[in-house]
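Participant: This is the structure I want to talk about, given as structure tokens.
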Amino acid sequence: MTLLSLPAVAEPAADGQGRRRVTLLSGFLGSGKTTLLRRELDRDTGRPPAVIVNDFGRTMVDDVLLTVDGERPVVLSGGCACCTRRDDLAQALAGLLDAEQRGRAPRREHVVIETSGLSDPGPIAFTIANDPVLKHHYALARVCVTVDALTGLASLEHHEVALRQLLAADDVLVTKADLVEAEQVEKLVGRLRELNPSARVSVTAAGELLRTTAPTAGARPAPRPVMAAHTNGISTLELVTDDRWDWQAFSIWLSLLLHRHGQDVLRVKGVLDVRDVGPVALNGVQHVVHRPEHLTGTVPPGTRLVFIVRDIDTALLERSFHTFVGLG
Amino acid sequence: MCVLCYELAPDDHWSDGVSDDAARTLPGRARYRRTRLLSVVLAPYGLTVSDPGSGPQCVVADRKGAAVVAAGLPAVWRAADELSPRRLDVLDPTLLAALSPDVAE
């Protein structure tokens with residue numbers, strides 16, 4: 001069994017009633033869901049799962065990275081699968097069944113749904129369990145929630161939806177543990193166990209398991225506070241161009257943006273077509289940007305960059321971006 | 001820290017994580033371009049940026065001669081905040097107008 005409870009070849013995948021198992025992979029923006037899923041898909045269990053990816057932005061940037069056996073994942077973009085794209089999620093799951101029954105795709109015993117960073121897992125789990133068709137074919141196996149060791153505590157404190165995700169978890173996966181001191185990881189794990197003592201907490205780094213703490217038997221989660229709508233003040237900016245960008249101009253712009261507004265830039269990710277360099281994957285959350293990754297596989301030309309921001313005028317942000325990149 | 005000059009090495013920054021083929025044959029090119037672009041961006045705040053040519057640092061200075069040595073982009077922004085009475089902001093319409101005067105507000 002892997003970090004996301006994907007079955008190995010020798011293990012039975014479907015539940016006792018022959019239903020396909022569903023793992024819900026949730027976690028706040030930038031907490032490492034896609035990185036973890038990529039590592040899991042790279043591990044050859046002999047039974048690759050079907051993958052459904054949900055993104056808050058309309059422009060999908062992770063589908064290229066999550067290809068299984070040459071098949072791209074099913075993409076639900078432009079909203080959260082817990083609310084605006086909930087019907088689409090049900091249709092996507094039904095579409096997998098349809099493709100299988102028509103012989104267009106092999107039977108997948110396991111489905112991984114990667115939710116958007118702003119999704120509440122509760123309504124998604126409800127859809128799978130109560131849809132009149134889906135409930136006979138799918139069974140929710142685990143809710144796995146990633147928590148960033150760098151920014152996880154702050155996200156839990158400031159973003160209600162991060163707390164909702166944590167409280168829904170069967171498995172909590174602390175990511176990026178190699179980027180902080182051991183004491184900080186201990187403090188985070190302690191806080192996670194206080195908030196959700198029924199979850200198993202695993203500490204990971206670069207998609208590899210470091211250690212696991214079992215849930216506290218019989219413990220009950222902390223009372224849930226009353227929460228406001230989870231997307232207040234949050235908007236997205238999607239930059240899609242065929243142009244090649246100058247890296248120096250872009251990096252100066254982004255670093256100055258994060259210097260001044262890092263707390264309100266909840267997420268930045270994308271694939272950039274950099275002049276004289278080629279495709280580069282960029283991934284950041286708040287003022288933490290990970291080292292860019294040079295992509296060597298087949299990547300569609302052009303640049304796709306998505307920003308999820310809070311209380312920032314996206315028209316001004318776009319104007320600022322074009323002004324700076326124009327300097328290159 | 002450099003054992004010869006006792007200079008503190010800057011933290012590894014994401015902006016230094018992309019290099020092109022030309023950078024390997026002309027290692028100073030990316031550095032020159034960055035210094036030139038920083039000079040353009042900081043000029044509306046009355047600041048200059050110069051490259052001493054050795055080490056990872058550049059020098060951010062104001063028109064009265066005050067100067068701060070900065071290694072890496074985050075240090076450049078902190079230096080600019082220290083030297084400029086105006087708040088440095090990538091979303092500042094005045095800055096954007098200064099950088100692209102041909103574009104109407």
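The values are calculated or read from the model by the stated rules, or taken from the named source; none is laboratory data. Predicted model only: the values in this text are computed from it and were never measured. Counting neighbours? That spans all protein chains shown, and the Cβs are built from the backbone with ideal geometry, glycine included.
Every residue, every condition in (1) of a type in the set (D, E, K, R); (2) modelled with pLDDT of 85 or more; (3) in a loop (DSSP other than H, G, I, E, B); (4) not assigned by TED's automatic domain parsing to the domain that holds A:Leu163, yes or no:
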{"site": "A:Arg224", "(1), (2), (3), (4)": "yes, no, yes, yes"}
{"site": "A:Gln248", "(1), (2), (3), (4)": "no, yes, no, yes"}
{"site": "A:His259", "(1), (2), (3), (4)": "no, yes, no, yes"}
{"site": "A:Gln263", "(1), (2), (3), (4)": "no, no, no, yes"}
{"site": "A:Val268", "(1), (2), (3), (4)": "no, no, no, yes"}
{"site": "A:Asn283", "(1), (2), (3), (4)": "no, no, no, yes"}
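Participant: Consider segment B:32-41. How many of its residues are at the interface with chain A (Cβ under 10 Å from one of its Cβ atoms) and in contact with a Ser or Thr (Cβ under 7 Å, 6 or more places away or on another chain)?
Facilitator: Looking only at that region, the number is 0.
Participant: Moving on to the next point. Among A:Asp264, A:Asp273, A:Asp243, which is the only one that is touching a residue at least 60 places away in the same chain (Cβ under 8 Å), surrounded by fewer than 22 Cβ atoms within 10 Å (Cβ to Cβ) and either more than 9 Å from chain B (Cβ to nearest Cβ) or under 29 Å from B:Ala79 (Cα atoms) (or both)?
Facilitator: Result of the check over A:Asp264, A:Asp273, A:Asp243: A:Asp243.
Participant: Shifting gears a bit: May I ask you to list pairs of residues, at least six apart or on different chains, whose Cβ atoms are under 7 Å apart, with the first in segment A:170-192 being small (Gly, Ala, Ser) and the second being outside any helix (DSSP H, G or I) and surrounded by 15 or more Cβ atoms within 10 Å (Cβ to Cβ)?
Facilitator: Correct list of pairs: A:Ala177/A:Ala149; A:Ala177/A:Val203; A:Ala177/A:Thr204; A:Ala177/A:Ala205.
Participant: Looking at segment A:249-260, which of its residues are facing chain B (nearest Cβ under 7 Å) and not β-branched (Val, Ile, Thr)?
Facilitator: Residues satisfying the conditions are A:Ala249, A:Ser251, A:Trp253, A:Ser255, A:Leu256, A:Leu257, A:His259, A:Arg260.
Participant: Checking B:Thr48 against (1) β-branched (Val, Ile, Thr); (2) more than 9 Å from chain A (Cβ to nearest Cβ); (3) buried (at least 18 other Cβ atoms within 10 Å of the Cβ), which test does it fail?
Facilitator: Of the numbered conditions (1) β-branched (Val, Ile, Thr); (2) more than 9 Å from chain A (Cβ to nearest Cβ); (3) buried (at least 18 other Cβ atoms within 10 Å of the Cβ), the odd one out for B:Thr48 is (3).
Participant: Right, another one. If I filter segment B:69-82 down to residues being at pLDDT 95 or above and touching a Lys or Arg at 6+ places or on another chain (Cβ under 9 Å), which single residue comes out as farthest from the other protein chains (Cβ to nearest Cβ)?
Facilitator: Filtering first and then ranking leaves B:Asp81.
Participant: Among all residue pairs at least 6 apart or on different chains, which show Cβ distances below 7 Å where the first residue, located in segment A:312-328, is at the interface with chain B (Cβ under 7 Å from one of its Cβ atoms) and the second is hydroxyl-bearing (Ser, Thr, Tyr)?
Facilitator: Cβ pairs passing all conditions: A:Thr323/B:Ser100; A:Gly326/B:Ser100.
Participant: Using the structure shown, decide if A:Asp148 is modelled with pLDDT of 90 or more and either out of contact with any His (no Cβ under 9 Å at 6 or more places or on another chain) or of a type outside the set (S, T, N, Q) (or both).
Facilitator: yes
Participant: Still on this structure: Do we find that A:Ala125 is farther than 30 Å from A:Arg211 by Cβ and assigned to a helix (DSSP H, G or I) in this structure?
Facilitator: No: the conditions fail for A:Ala125.
Participant: Applying the selection to segment A:287-311, what residues are touching a residue at least 24 places away in the same chain (Cβ under 8 Å), crowded, with 20+ Cβ neighbours inside 10 Å and either within 13 Å of chain B (Cβ to nearest Cβ) or in a helix (DSSP H, G or I) (or both)?
Facilitator: If the condition is that a residue be touching a residue at least 24 places away in the same chain (Cβ under 8 Å), crowded, with 20+ Cβ neighbours inside 10 Å and either within 13 Å of chain B (Cβ to nearest Cβ) or in a helix (DSSP H, G or I) (or both), then A:Val289, A:Phe307, A:Val309 are the ones that fit.
Participant: Among the candidates B:Asp62, B:Asp11, single out the residue that is modelled with pLDDT under 90 and more than 10 Å from chain A (Cβ to nearest Cβ).
Facilitator: Just a single option satisfies the conditions, and that option is B:Asp11.
Participant: Next question. Would you pick out the residues in segment A:177-202 that are out of contact with any Ser or Thr (no Cβ under 8 Å at 6 or more places or on another chain), modelled with pLDDT of 90 or more and not in a helix (DSSP H, G or I)?
Facilitator: Within segment A:177-202, A:Val180, A:Glu181 meet the criteria.
Participant: Just a yes or no: is a residue in segment A:105-113 over 14 Å from A:Arg19 (Cβ atoms) and either of a type outside the set (Val, Ile, Thr) or at pLDDT below 85 (or both)?
Facilitator: Looking for residues that are over 14 Å from A:Arg19 (Cβ atoms) and either of a type outside the set (Val, Ile, Thr) or at pLDDT below 85 (or both), one finds at least one in segment A:105-113, hence yes.
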